1. Which numbered condition in (1) within 24 Å of Trp255 (Cα to Cα); (2) of a type in the set (A, V, I, L, M); (3) in contact with a helix residue (DSSP H, G or I) (Cβ under 7 Å, 6 or more places away or on another chain) is the only one that Ala317 fails?
2. In segment 346-373, which residue that is exposed (fewer than 14 other Cβ atoms within 10 Å of the Cβ) and more than 29 Å from the chain's Cα centre (by Cα) is modelled with the lowest pLDDT?
3. In segment 313-336, how many residues are within 17 Å of Ala360 (Cβ to Cβ) and either among the hydroxyl-bearing types (Ser, Thr, Tyr) or open to solvent by 20 Å² or more (accessible area, probe 1.4 Å) (or both)?
4. Regarding Leu383, is this residue closer than 30 Å to Arg169 by Cβ, open to solvent by 30 Å² or more (accessible area, probe 1.4 Å) and of a type in the set (A, V, I, L, M, F, W, C)?
5. Looking at the structure I just gave you, is Gly302 modelled with pLDDT under 80 and open to solvent by less than 30 Å² (accessible area, probe 1.4 Å)?
6. List pairs: first residue in segment 70-84 and farther than 14 Å from Asn166 by Cα, second residue among the charged types (D, E, K, R) and assigned to a helix (DSSP H, G or I) anywhere in the structure, Cβ distance under 7 angstrom, at least six positions apart or on different chains.
7. Just to be sure I understand, how many residues within segment 65-108 are more than 20 Å from Arg156 (Cα to Cα), open to solvent by less than 60 Å² (accessible area, probe 1.4 Å) and under 22 Å from the mean Cα position of the chain (by Cα)?
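The values are calculated or read from the model by the stated rules, or taken from the named source; none is laboratory data. Because the structure is predicted, anything quoted here is derived from the model rather than measured. So basically every Cβ, Gly included, is an ideal-geometry build from the backbone, and we count neighbours across all protein chains shown. For the accessible areas, the whole protein counts, side chains as well, though only heavy atoms, and no ligand, DNA or RNA atoms are used. Shrake-Rupley method; radii C 1.70, N 1.55, O 1.52, S 1.80 Å.
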Amino acid sequence: MPAFSYTAIDPNGARVSGSLVVRNKTEVYRELESKSLTPILVDAAAATASPTGKSAASSKAKRGTRLKRPEVVLFTEELADLLDAGMNLERALKILHERQANKSIREVAGCLREEIREGTRFSKALAVASPSFDELFASLVAAGEASGSLPEILRRLVVNLKQLHNLQRRTAGAMIYPLTVMLACVVLLFVFSTVLMPSLSEMMTKTGQDLPLLTDLLIRFTEFMSAWWWLLLALAVGSATLFRAAIATPGGREWWDGYKMRLPAFGPVILGRFYAQFCHTLSNLVNNGVPLLNSLRLVTRGTPNRYIRQRLESVVADVGEGASLARAMAKAGSFPEQLVDRVAIGEQTGELGKAFSKAAAKYDEDLDIRIARLTTVVPTVMLVFVAAIVGVVAYCMITTIFGSMSGIRGR
């Protein structure tokens, strides 16, 4: 346990100093009160011998350790396993801190354990331990603490994190081949513009033939890019900077979050993930006895998308005024009719949690289908685009060569 040094006033008015080895500062004040001492200053001891001979300062866990997404998944999954085995949170974090092979996870677990022993709530300690735990993660953990269903919430977080990681991995894997082809296309264009076309142009000039229109346009485009690439680069960087500054404002961020959901191919995936997360979270909260209004507030605070959050805030306001959840969702206008109907039936039958569970299963299936479509459509579109560029280059080369040959034969 940590040691705390103190300075206090005894019943005779004399100043006394000492140290206590207790769990947290609250226990220090209790000990001093039991000894009739009035505390003036209480602070962690500067150096306290630990069982390994190291000082308390040197053994203090590192704060702000960043975790990669697979590490966040591993930490969450192992913590859920330990909690399911019947361990309390402090004991589970101690085991992760002492036995986990991953150094970053050990540091995060040690920091969380220290914060919890100081009296900090787990959901609040996450932000101190690592910036890799975002607001949604912390809010869902807070919901688990409030409902007593922390292991179930952690399990759901693992599923969501794995889905997102799987989406990124599958998308990246599907893009490797078309990106490789596109890189080869860029190299081909460079060689064509700098080596082949000057020779072919010279040949066409000697034979008295004019360059085909498409070939001439391609050469002019290449010359323009060679002369003004710096201006185009500056315009691109400037536009990106202005765009980031615009979406950093509340209004700009809300517009961008709303626009992302209307993007072809990607928009349905973003919406589907939100609906699945929304239904799973409310199902866990409602089934574990958290009042509906509190559950909605937790979900709203944990939603990073500001466009959706604003709609959820209107739902919270309407439910707080006594409206039914289904009517509030229909009024917000951002929820599918099928989901609103399921919620209405759940409210009428008194099985709202069950209704959300069934809706969550449906949206999970829909999300898998949309991810499969995304990883199929995007590479196909890129391959068609690359094939069109290669076809144009090949056509320019062939027409130029045949034009040169015709000029030579005519002479």
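1. (3)
2. The qualifying residue modelled with the lowest pLDDT is Gly350.
3. Going through segment 313-336, the residues within 17 Å of Ala360 (Cβ to Cβ) turn out to be 325-326, 329, 335-336.
Now narrow it down to the ones that are either among the hydroxyl-bearing types (Ser, Thr, Tyr) or open to solvent by 20 Å² or more (accessible area, probe 1.4 Å) (or both): 335-336.
Residues in segment 313-336 being within 17 Å of Ala360 (Cβ to Cβ) and either among the hydroxyl-bearing types (Ser, Thr, Tyr) or open to solvent by 20 Å² or more (accessible area, probe 1.4 Å) (or both): 2 in total.
4. Values: closer than 30 Å to Arg169 by Cβ: yes; open to solvent by 30 Å² or more (accessible area, probe 1.4 Å): yes; of a type in the set (A, V, I, L, M, F, W, C): yes.
Taking the combined requirement at face value, the residue satisfies it.
5. Values: modelled with pLDDT under 80: yes; open to solvent by less than 30 Å² (accessible area, probe 1.4 Å): yes.
Yes.
6. Filtered contacts from segment 70-84: Ala80/Arg155.
7. Selection size over segment 65-108: 5.
Yes/no matrix, rows are residues, columns are (1) assigned to a helix (DSSP H, G or I); (2) modelled with pLDDT under 80; (3) over 18 Å from Leu82 (Cα atoms); (4) among the aliphatic types (A, V, I, L, M):
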{"residue": "Ala125", "(1), (2), (3), (4)": "yes, no, yes, yes"}
{"residue": "Val128", "(1), (2), (3), (4)": "yes, no, yes, yes"}
{"residue": "Leu136", "(1), (2), (3), (4)": "yes, yes, yes, yes"}
{"residue": "Val141", "(1), (2), (3), (4)": "yes, no, no, yes"}
{"residue": "Glu152", "(1), (2), (3), (4)": "yes, no, no, no"}
